[in-house]
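In what follows, a single structure is set out as structure tokens and then discussed.
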Amino acid sequence: MLAPVLVLNANFEPINICNTRRAIGLILSGKADMVMNGRGNIHTVSLTVPRPSVIRLDMMVHRPRPRVKLTRREVFRRDNYTCQYCGRHAADLTLDHILPKHLGGEHAWTNVVAACPNCNHRKGGRQLAEAHMVLLQIPKEPSANAYYIFGRHLEKIHEWEQFIQGW
Ligand SMILES: [Zn+2]
């Protein structure tokens, strides 16, 4: 009942993931339709309900443009788990504020990058020029398209691909 279900807006835009229990609740209360089953049925004492994989809301939900939340995990993901100074793939990445916080650097997508402990240590609390270091690329806020938001589920749930493509 906790398996993830992809929720589409009325216009088929993927907007959310909920669990099977909630998805079935939405279907039974007439707020959503099942778009894809693919997981068999759930039998209760009185009825048999399909286990949805994808549902679609009947009413259009209007919401602001989604943004990727600024977290360590998302920064590492944006930076492809690679130190943005030396290019090394590292399991023990750290978060580096390009302009250090104590010098007024913001905690913002454009001011944080993944850095390996070596590079982070080498840079210390200095600015890039002072430390004679350069970034491999200019950091930006990742665009929150459907692939970015839901893409990590595709490895396990291939059937969602057709619903995520193009959004
Ligand atoms: Zn490094």
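The values are calculated or read from the model by the stated rules, or taken from the named source; none is laboratory data. Worth saying up front: this structure is predicted, and the values here are computed from it rather than measured. As a convention, Cβ positions derive from the backbone with ideal geometry for all residues, glycine included, and neighbour counts pool all protein chains shown. Note: areas computed on protein heavy atoms with side chains; ligands, DNA, RNA excluded. Shrake-Rupley method; radii C 1.70, N 1.55, O 1.52, S 1.80 Å.
Annotation: for a label point projected 7 angstrom from Cα along Cα→Cβ of L99, residues of segment 117-140 with backbone N closer than 19 Å are 123-140.
Residues whose amide H lies under 5 Å from that of N16, counting only those 5 or more places away or on a different chain, are V7; hydrogens are built 1.01 Å from N in the peptide plane.
The value of relative contact order for segment 45-124, using C-alpha pairs under 8 Å at least six residues apart, is 26 percent. Evaluating kT/(6 pi eta Rh) at 4 °C and 1.567 mPa s, with the Kirkwood radius of segment 1-75 over Cα pairs in the Stokes-Einstein relation, gives 97 µm² s⁻¹. Across the chain, the relative contact order, built from alpha-carbon pairs under 8 Å that are at least six residues apart, equals 18 percent.
Would you kindly work out the equivalent ellipsoid of segment 75-156 from its C-alpha gyration tensor and give its semi-axes, the square roots of five times the eigenvalues, largest first in whole Å?
Numbers: eigenvalues 126, 43, 18 Å².
For segment 75-156, the ellipsoid semi-axes come out as 25, 15, 10 Å.
In this simple spin-label model, placing a label point 7 Å from the Cα along the Cα-to-Cβ direction at both S29 and R72 gives a separation of 3.7 nm.
Dividing the radius of gyration of the alpha carbons in segment 65-119 by their Kirkwood radius gives 0.98 for Rg/Rh.
Quick one: pull the percentage of alpha-carbon pairs in segment 40-97 with a separation above 16 Å. Mind dumping the intermediate values first?
Details: 1107 of 1653 pairs.
In whole percent, the share of Cα-Cα pairs in segment 40-97 beyond 16 Å is 67.
What are the semi-axes of the equivalent ellipsoid for the chain, taken as the square roots of 5 times the Cα gyration tensor eigenvalues, largest first, in whole Å?
43, 16, 12
Note on Q162 and A91: the extension gain reaches 22.4 nm, defined as 0.36 nm multiplied by sequence separation minus the Cα-Cα distance.
Calculate the FRET efficiency for N80 and I138 from the Cβ-Cβ distance with a Förster distance of 25 Å, rounded to the nearest 0.05. Walk me through the numbers before you get to the answer.
Numbers: r = 15 Å, r/R0 = 0.58.
The value I calculate is 0.95.
Stretching E155 away from L128 to a fully extended chain increases their span by 6.0 nm, per 0.36 nm per residue minus the current alpha-carbon distance.
How much area per residue is accessible in segment 66-167 when the probe is 1.4 Å and only protein heavy atoms are counted (Å²)?
On the way: 6240 Å² over 102 residues.
Accessible area per residue, segment 66-167: 61 Å².
Per-residue ellipticity at 222 nm from helix content only, as computed over the chain with -39500 (n - 2.57) for each DSSP H run of at least four residues, stands at -5000 deg cm²/dmol.
Put simply, the amide H of A32, placed in the peptide plane, has neighbours under 5 Å in I27, D58, leaving out anything fewer than 5 places away on its chain.
Report the FRET efficiency, 1/(1 + (r/R0)^6), for N111 and N11, where r is their Cβ-Cβ distance and R0 is 35 Å, rounded to 0.05. The partial results should precede the final answer.
Details: r = 35 Å, r/R0 = 1.01.
Taking R0 as 35 Å, the efficiency between N111 and N11 is 0.50.
Using the alpha carbons of segment 115-167, what is the convex hull volume per residue in cubic angstrom, as a whole number?
Details: hull volume 6.2 nm³, N = 53.
Roughly 117 Å³ of hull volume per residue.
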